[in-house]
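This report concerns only the one structure given below.
The values are calculated or read from the model by the stated rules, or taken from the named source; none is laboratory data. A quick note: this is a predicted structure, and the numbers were derived from the prediction, not measured. Here the Cβ is made from the backbone with ideal geometry for all residues, glycine too, and neighbour counts use every protein chain on show. Note: areas computed on protein heavy atoms with side chains; ligands, DNA, RNA excluded. Shrake-Rupley method; radii C 1.70, N 1.55, O 1.52, S 1.80 Å.
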Amino acid sequence: MNARLSTFALATAVCLLAPTAWAKPYRAMVTRTAATTRNGNLELGLRYQGFFALESDKALPYHQVSPSIRWGILDNLEANVYFEVLGLGNPGEDNFQLAFGDIPLGLQWTFLETGPFALGAYGRVVFPTGPSDLDVIPPELSDGTWDFDGTLVGELRVSKDLRFMLNATYLHHGTRDRGALPDFDVPDAVQLAVAGTYNIDNFTLVGLEVIGRRYFANAITPAWTNNANQVEIIPVVRREVYPGLVLEAVAGIAVTPDLSDIYQFRLLLGGTYEFDLASGPNLPEKGKSTKKKPAPKKKPTSKSKR
């Protein structure tokens, strides 16, 4: 009995003291957390974003597929890269366009972790491989300009399950090359994101994010000329369905008219898989059957001598 109690106490202590970033869908959907990918781990991701409006003639729908790679370089130091494919319109329609998007490359360093508080810094550069001559693409998508941004990441860990995050970001946007038309200098912006997340159990996370963005000029593209103030509410649902494999599915809702003119809501679907680079992915063994093996045949016994 004492051995059982000791084992239970040890398991409870491990669960309480182990890093919450491990074996949990600890991230929010858009807001960055102070927890980074573990040192020596690699995370592969894939996300779909669909941008919609209830009235088809009010806003152009967008579709984006983005594979991603995040890897832990050192303790609390993470690098990430994203590849974007952008679709304008709906597949099957005459006006549907498909283009390779920009390539964002980022680096996050969580430089302070003391008690329940954590602070980090995130920097990103966006390589302009996307289309810059499509005026209907807003700056937060692949618009073919050199972009730079810096984010201060704050996190309050009230308990091992409840977290609050704050992101303060400065967004520097480049100039769009529109071919025969005059170039367009995309205005810079500031962005503030707040989020709260709660782990229902070791595998399920729910929460809510509010993201506000303010451009320094009303015309953010030649097509969107009065859309500087943007606020969006994003509910959060993430579920670990297999060790290291986390799925996500939510719909963000545009709050301000400046944003709802572009899209009224967006659908976010995706998944990430994190594993240790040294040991490789923890995949089910191939050809392993769950059926019981037949009992071995008994060897014939020799007849006893009379």
Problem set entry | Between the range 127-147 and the range 64-104, the alpha-carbon center distance in angstrom | 12
For this session: Please get the size of the charge dipole for the range 150-215, origin at its Cα centre, with Cβ charges of +1 on Lys and Arg and -1 on Asp and Glu, quoted in debye to the nearest 20.
Result: 120
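Counting other Cβ atoms within 10 Å, which chymotrypsin sites (Phe, Trp or Tyr not before Pro) in the range 20-115 have at most 14 and lie in a DSSP loop? Please list the in-between numbers first.
Numbers: sites: Trp22, Tyr26, Tyr48, Phe51, Phe52, Tyr62, Trp71, Tyr82, Phe83, Phe96, Phe100, Trp109, Phe111; in loops: Trp22, Tyr26, Phe83, Phe96.
Here the chymotrypsin sites (Phe, Trp or Tyr not before Pro) that fit, given the DSSP loop and packing criteria, are Trp22, Phe96.
What is the extension gain from Leu277 to Asp135, computed as 0.36 nm multiplied by their sequence separation minus the C-alpha to C-alpha distance, in nm to one decimal? Each step should come with its number before you reach the end.
Working: separation 142, 0.36 × 142 = 51.12 nm, distance 4.17 nm.
Between Leu277 and Asp135, full extension yields an extra 46.9 nm.
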Exercise. How much area per residue is accessible in the range 138-180 when the probe is 1.4 Å and only protein heavy atoms are counted (Å²)?
Worked result: 42
For this session: Calculate, for the range 21-93, the solvent-accessible area per residue in square angstrom, rolling a 1.4 angstrom probe over the heavy atoms of the protein chains.
Result: 42
Problem set entry | Solvent exposure of the range 223-270 as accessible area per residue, Å², 1.4 Å probe | 41
